[in-house]
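Asker: Before I ask anything, here is the structure I am working with.
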2 protein chains.
Amino acid sequence: MEKSLICPRFEKAIGILSQRWTGLIIYQLLNGPQRFCSIESSIGISGKVLSDRLKDLENEGIVKRNVYPETPVRIEYSLTEKGQAMEPLMQEIEKWSQTWLEA
Amino acid sequence: MEKSLICPRFEKAIGILSQRWTGLIIYQLLNGPQRFCSIESSIGISGKVLSDRLKDLENEGIVKRNVYPETPVRIEYSLTEKGQAMEPLMQEIEKWSQTWLEA
DNA sequence: TTATTAACTTACTTTATGTAAGTAAGTATA
DNA sequence: TATACTTACTTACATAAAGTAAGTTAATAA
């Protein structure tokens, strides 16, 4: 039968969002730059997977890793412009969830 | 450290969307009701996982299963109102992907 | 020299997904 | 009557992804 009439860019975007945790990580970073352990505890992800996801998101150009050589070293993750541009999308998810899901 | 200041409804919505394939299934059904094998071939999902996802989405009230007792029996899956309500959200994903991803 | 701290890694277990073959129900055909 | 046909699933088994907990690294402070 016919295969993928779906726009490959849309498919890619969905692929990013449908990976476990990426949505929550991006949502969390919309509040501003955050450190590894802060993201870890706020969304309940394991360190191993967070490490993987941050690398993926950095490769996608969605997240940026900033190193501050203090003592101890401080590393902050923040959204790039590309990542910030997901805000309206997140707002739509929020809107849908407010309307259609129960508390 | 502090845990989940995130709205549970938002978290649930993200949970649905971040399950592999659900986004594409919903997106596909925005084109109108479709049969099992049609969804299967259009997005390239395995029958087993499609079967699981459709059950989940039915339980969530996002997808409806309609049986037409013809020969052979025809079964169509369509979006409920709750499912249709995801259209703006999908449009935002599309918009983001058009702006920020390369072809 | 030892301790401290955050940011990871690694080894291992559990869960999710993929593959391919098989089953069920309801006809139609030989 | 028996066999085949079609779609919509299931099942058994293999591979990949995610979770857990302990360990490593790097920079400096005590």
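Asker: Here are B:Val63, B:Val73: which of them is surrounded by fewer than 14 Cβ atoms within 10 Å (Cβ to Cβ) and of a type outside the set (Asp, Glu)?
Answerer: B:Val73
Asker: Still on this structure: Which is buried (at least 19 other Cβ atoms within 10 Å of the Cβ), among the β-branched types (Val, Ile, Thr) and closer than 19 Å to A:Gln19 by Cα, of B:Ile45, B:Ile6, B:Ile39?
Answerer: B:Ile45
Asker: Going by the conditions given, is B:Glu87 closer than 20 Å to A:Ile93 by Cα, away from DNA strand D (no atom under 16 Å from the Cβ), under 14 Å from the mean Cα position of the chain (by Cα) and more than 8 Å from chain A (Cβ to nearest Cβ)?
Answerer: For B:Glu87, the condition - closer than 20 Å to A:Ile93 by Cα, away from DNA strand D (no atom under 16 Å from the Cβ), under 14 Å from the mean Cα position of the chain (by Cα) and more than 8 Å from chain A (Cβ to nearest Cβ) - is met.
Condition check ((1) within 16 Å of DNA strand C (Cβ to nearest atom); (2) charged (D, E, K, R); (3) touching a residue at least 12 places away in the same chain (Cβ under 8 Å)) across all residues:
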site: B:Leu24; (1), (2), (3): yes, no, yes
site: B:Leu30; (1), (2), (3): no, no, yes
site: B:Cys37; (1), (2), (3): yes, no, no
site: B:Leu50; (1), (2), (3): yes, no, yes
site: B:Gly61; (1), (2), (3): no, no, yes
site: B:Glu70; (1), (2), (3): yes, yes, no
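Asker: Which of the residues that make up segment A:80-103 are in contact with a Gly (Cβ under 7 Å, 6 or more places away or on another chain) and either of a type outside the set (Val, Ile, Thr) or touching a residue at least 40 places away in the same chain (Cβ under 8 Å) (or both)?
Answerer: Of everything in segment A:80-103, just one residue is in contact with a Gly (Cβ under 7 Å, 6 or more places away or on another chain) and either of a type outside the set (Val, Ile, Thr) or touching a residue at least 40 places away in the same chain (Cβ under 8 Å) (or both), namely A:Lys82.
Asker: Kindly evaluate B:Gly23 against the criterion of being facing chain A (nearest Cβ under 7 Å), of a type in the set (Gly, Ala, Ser) and within 20 Å of A:Trp96 (Cα to Cα).
Answerer: Considered against the rule, which asks whether it is facing chain A (nearest Cβ under 7 Å), of a type in the set (Gly, Ala, Ser) and within 20 Å of A:Trp96 (Cα to Cα), B:Gly23 comes out as yes.
Asker: So how many residues does segment A:31-68 have that are within 11 Å of chain B (Cβ to nearest Cβ) and away from DNA strand D (no atom under 15 Å from the Cβ)?
Answerer: Within segment A:31-68, residues that are within 11 Å of chain B (Cβ to nearest Cβ) and away from DNA strand D (no atom under 15 Å from the Cβ) number 4.
Asker: Taking the residues in segment B:76-103 that are among the β-branched types (Val, Ile, Thr) and surrounded by 15 or more Cβ atoms within 10 Å (Cβ to Cβ) as candidates, determine which candidate is farthest from DNA strand C (Cβ to nearest atom).
Answerer: By that ranking, first place goes to B:Thr80.
Asker: Right, something else. Restricting attention to segment A:80-103, which residues are assigned to a loop (DSSP other than H, G, I, E, B) and in contact with a Phe, Trp or Tyr (Cβ under 8 Å, 6 or more places away or on another chain)?
Answerer: Result: A:Ala85, A:Met86.
Every number in this text was worked out from the coordinates using simple rules, so none of it is lab data. All figures in this text were calculated on a predicted structure; none of them were measured in a lab. Quick reminder, even Gly has a Cβ in these numbers, built from the backbone with ideal geometry, and neighbours come from all protein chains shown.
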